[in-house]
Every structure is written in structure tokens, then in C-alpha cells.
1. Quick check on the stretch 80-87. Is at least one of its residues more than 13 Å from the chain's Cα centre (by Cα) and either modelled with pLDDT of 95 or more or among the charged types (D, E, K, R) (or both)?
2. Where in the stretch 18-137 are there strands (runs of 3 or more DSSP E), lying wholly inside it, with at least 3 residues that are acidic (D, E) and open to solvent by 30 Å² or more (accessible area, probe 1.4 Å)?
3. Within the stretch 118-133, can one find any residue that is over 21 Å from K24 (Cα atoms) and among the aliphatic types (A, V, I, L, M)?
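The values are calculated or read from the model by the stated rules, or taken from the named source; none is laboratory data. As the structure is a computational prediction, the values presented were derived from the model and not from experiment. Calculation scope for accessible area: heavy atoms of the full protein, side chains included, ligands and nucleic acids excluded. Shrake-Rupley method; radii C 1.70, N 1.55, O 1.52, S 1.80 Å.
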Amino acid sequence: MTSETTPTLETFIEEWQETAEKNKAAFLHLKTALESKAGTTIEFLPRPGVTYSLRAKHDAQKDKGLFVMVDVIEDDPRWLSVCFYGEMITDPEERGDFVPEGLLGEDAVCFDIDAWDDALIQYVEVRLDEAWNNASK
């Protein structure tokens with residue numbers, strides 16, 4: 001009987017083989033964007049075979065445990081689902097999917113990134129900034 005060990009974030013990234021879709025690059029780009037935000041704590045929650053999640057919380061947040069969740073969906077190839085609480089962001093171009101009770105039991109807006117797309121990644125980064133600003137209040 002073998003037991004699968006739970007990877008650290010560093011191990012997960014190191015072992016992730018990039019594909020033509022460049023989803024690893026998109027993940028690293030968003031991770032770096034989150035790491036650059038002052039007062040942000042990032043938690044890595046691996047669920048091998050299902051998802052690998054980055055959950056970011058602003059130190060000033062009292063009511064919510066995060067302001068964004070970046071999920072790596074275990075598929076072939078892997079893809080990203082970036083989810084925000086619905087009331088913490090706007091989606092003026094309606095590029096996200098509204099997911100009732102989709103983020104820790106609360107309404108969410110999620111953006112699926114299944115391949116590197118400059119415009120979509122930039123759009124999601126603006127939502128990151130918006131959620132971070134709202135979380136800091």
C-alpha cells in the first residue's frame with residue numbers, strides 16, 4: 001500500500017510540467033501578482049487528483065477567510081479557475097461565470113483560464129486589485 005504525500009507549493013510548481021496552453025505560466029503570473037500585494041497572506045491547499053488552491057487573504061479582513069481563490073483544476077491539461085466573492089468585484093464585460101454559493105458557500109464570480117490569454121489574464125488581474133482593495137477596508 002502506498003500513500004501519496006501532500007505536496008508543498010514549491011514541490012507542486014517544480015513537478016508541474018508546462019503544456020502548450022501555458023497554464024503553469026498563468027498560475028505563476030497570478031501567484032506573483034498576489035505576492036506583490038501588501039498585507040496579503042497566501043495559503044496553499046492541495047487536494048491531489050482534484051484541485052490545488054491558492055487562497056489569498058488581506059490581513060485587514062475580518063468577515064471572510066479570503067478575497068480570491070486560484071484553483072488549479074486537475075485535468076489534462078490542467079486549467080485555472082479564479083474565483084472571487086460576487087460582492088467584492090465588478091465584471092463589466094461579464095467574462096466571469098456567476099456561481100451561486102460557489103465560494104465557501106457564498107455567491108461567486110469565477111473566471112476560467114484554460115490557456116494563456118493576455119487580455120483575460122489582465123482582466124482577472126484588475127479583478128484581483130479590486131478584490132484586494134475591498135478586502136483591505
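1. Within the stretch 80-87 (the criterion being more than 13 Å from the chain's Cα centre (by Cα) and either modelled with pLDDT of 95 or more or among the charged types (D, E, K, R) (or both)), the answer is yes, since at least one residue qualifies.
2. 106-113
3. Looking for residues that are over 21 Å from K24 (Cα atoms) and among the aliphatic types (A, V, I, L, M), one finds at least one in the stretch 118-133, hence yes.
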